[in-house]
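The values are calculated or read from the model by the stated rules, or taken from the named source; none is laboratory data. Since the model is a prediction, treat every value here as computed from it, not as a measurement. Quick reminder, even Gly has a Cβ in these numbers, built from the backbone with ideal geometry, and neighbours come from all protein chains shown.
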Amino acid sequence: MGGIVDCTLAVVVKELETAAPLIPPRPTIPKLQAVAAECKACHLWKNATQTVFGEGKSTSPVMFIGEQPGDKEDLSGHPFVGPAGVLLDEALLEAGIDRTKVYVTNVVKHFKWEPRGKRRIHKKPNGAEIAACRPWLEAEIAVVKPRAIVCLGSTAAQSVISPKFRVSVQRAPFVESSLAPLVTATVHPSSILRAPTGQARREEMQRFIADLKTIWKAISA
Ligand code: URA
Ligand code: SF4
């Protein structure tokens, strides 16, 4: 009898996937990086090469949050080193933002992809994967205590600011948040890469740089 009851319960109560139990006491960024390297809290680790944790000084006044590592990031183990990262670096430079003052991370730390021919195509993380990975992001924020958080793209904005947030409509607004004194969002650099024409791409890039300048001015005030 007891066996039947246990069995039913096991089906109903699906174990919640979360990295929360892995967060070490008194975390530092290097400690978090080391533990996250072994994270298997959700299934995304299985098809990825490695965990891509956030990088930057623990004293950075600004934290940029993207969606998840891409193909190049997955292979190298570093965030924003692929085409989107190159564009981000370019925009930061144009906006006069010192790259060494910036901490860069992602909402999800493993590359989610599906095969298309020989290529690995990025696939958006779902709510359960974002929730599972969230403790890592919260721990990074708790350690770095950035003065400003800048979400790049809708996955980050919707997960950090509000599920209804539209980066294409609301550009660089500062919103109330318990996460940091200044929290804002702009487009993801990869959306600029997807612009249909060279002209559109240049315009999108200029708007992105303008957003970064606005944000940096507010942070530096
Ligand atoms: N896109 C992201 O959101 N993050 C990365 O690290 C690279 C590309
Ligand atoms: Fe852990 Fe996040 Fe990777 Fe899932 S995506 S295994 S929660 S580090």
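Among the residues of the range 121-136, write down those that are closer than 17 Å to His78 by Cβ and within 13 Å of ligand 1 (Cβ to nearest atom).
Scanning the range 121-136 gives a single hit, His122.
Give the residues of the range 29-42 that are touching a residue at least 60 places away in the same chain (Cβ under 8 Å) and either part of a helix (DSSP H, G or I) or in contact with a strand residue (DSSP E or B) (Cβ under 7 Å, 6 or more places away or on another chain) (or both), sorted by residue number.
Selection gives Ile29, Leu32, Ala36.
Taking the condition away from ligand 2 (no atom under 16 Å from the Cβ), without any contact (Cβ under 8 Å) to a residue 60 or more places away in the chain, of a type outside the set (D, E, K, R) and farther than 23 Å from Ile23 by Cα, does Ile121 pass? Walk me through how you get there before you give the answer.
Numbers: away from ligand 2 (no atom under 16 Å from the Cβ): yes; without any contact (Cβ under 8 Å) to a residue 60 or more places away in the chain: yes; of a type outside the set (D, E, K, R): yes; farther than 23 Å from Ile23 by Cα: yes.
Yes: the conditions hold for Ile121.
Hey, Ala157 hits all of (1) out of contact with any strand residue (DSSP E or B) (no Cβ under 6 Å at 6 or more places or on another chain); (2) part of a helix (DSSP H, G or I); (3) without any contact (Cβ under 8 Å) to a residue 40 or more places away in the chain but one; which does it fall short on?
All conditions pass for Ala157, except number (1).
Would you mind stating whether Phe165 is of a type in the set (Phe, Trp, Tyr), away from ligand 2 (no atom under 16 Å from the Cβ) and in contact with a strand residue (DSSP E or B) (Cβ under 6 Å, 6 or more places away or on another chain)?
Considered against the rule, which asks whether it is of a type in the set (Phe, Trp, Tyr), away from ligand 2 (no atom under 16 Å from the Cβ) and in contact with a strand residue (DSSP E or B) (Cβ under 6 Å, 6 or more places away or on another chain), Phe165 comes out as no.
Among the residues of the range 177-193, count how many are in a loop (DSSP other than H, G, I, E, B) and of a type outside the set (A, V, I, L, M, F, W, C). Break it down stepwise before answering.
Our first condition is that a residue be in a loop (DSSP other than H, G, I, E, B); within the range 177-193, this holds for 177-181, 187-188.
Pick out the ones that are also of a type outside the set (A, V, I, L, M, F, W, C) and you get 177-178, 181, 188.
Residues flagged as in a loop (DSSP other than H, G, I, E, B) and of a type outside the set (A, V, I, L, M, F, W, C) within the range 177-193 amount to 4.
Read through the list (1) outside any strand (DSSP E or B); (2) aliphatic (A, V, I, L, M); (3) in contact (Cβ under 8 Å) with a residue 12 or more places away in the chain, then give the number of the only condition that Ile149 fails.
(1)
Pick out the one residue from Ala48, Ala91 that is touching a helix residue (DSSP H, G or I) at 6+ places or on another chain (Cβ under 9 Å) and within 22 Å of Glu129 (Cβ to Cβ).
That would be Ala48, the only listed residue that is touching a helix residue (DSSP H, G or I) at 6+ places or on another chain (Cβ under 9 Å) and within 22 Å of Glu129 (Cβ to Cβ).
State the number of residues belonging to the range 1-28 that are surrounded by fewer than 16 Cβ atoms within 10 Å (Cβ to Cβ), outside any loop (DSSP other than H, G, I, E, B) and at pLDDT 95 or above.
Total satisfying the criteria: 2.
Answer yes if at least one residue in the range 144-156 is within 16 Å of ligand 2 (Cβ to nearest atom) and either over 18 Å from Ser191 (Cα atoms) or hydroxyl-bearing (Ser, Thr, Tyr) (or both), and no otherwise.
Yes; the residues of the range 144-156 include at least one that is within 16 Å of ligand 2 (Cβ to nearest atom) and either over 18 Å from Ser191 (Cα atoms) or hydroxyl-bearing (Ser, Thr, Tyr) (or both).
Is it true that some residue in the range 83-98 is under 21 Å from Ala156 (Cβ atoms), hydrophobic (A, V, I, L, M, F, W, C) and either touching a Cys at 6+ places or on another chain (Cβ under 7 Å) or without any contact (Cβ under 8 Å) to a residue 24 or more places away in the chain (or both)?
yes
Which ones in the range 80-109 are under 24 Å from Arg202 (Cα atoms) and in a loop (DSSP other than H, G, I, E, B)?
Answer for the range 80-109, where residues must be under 24 Å from Arg202 (Cα atoms) and in a loop (DSSP other than H, G, I, E, B): Phe80, Val81, Gly82, Ala95, Gly96, Ile97, Asp98.
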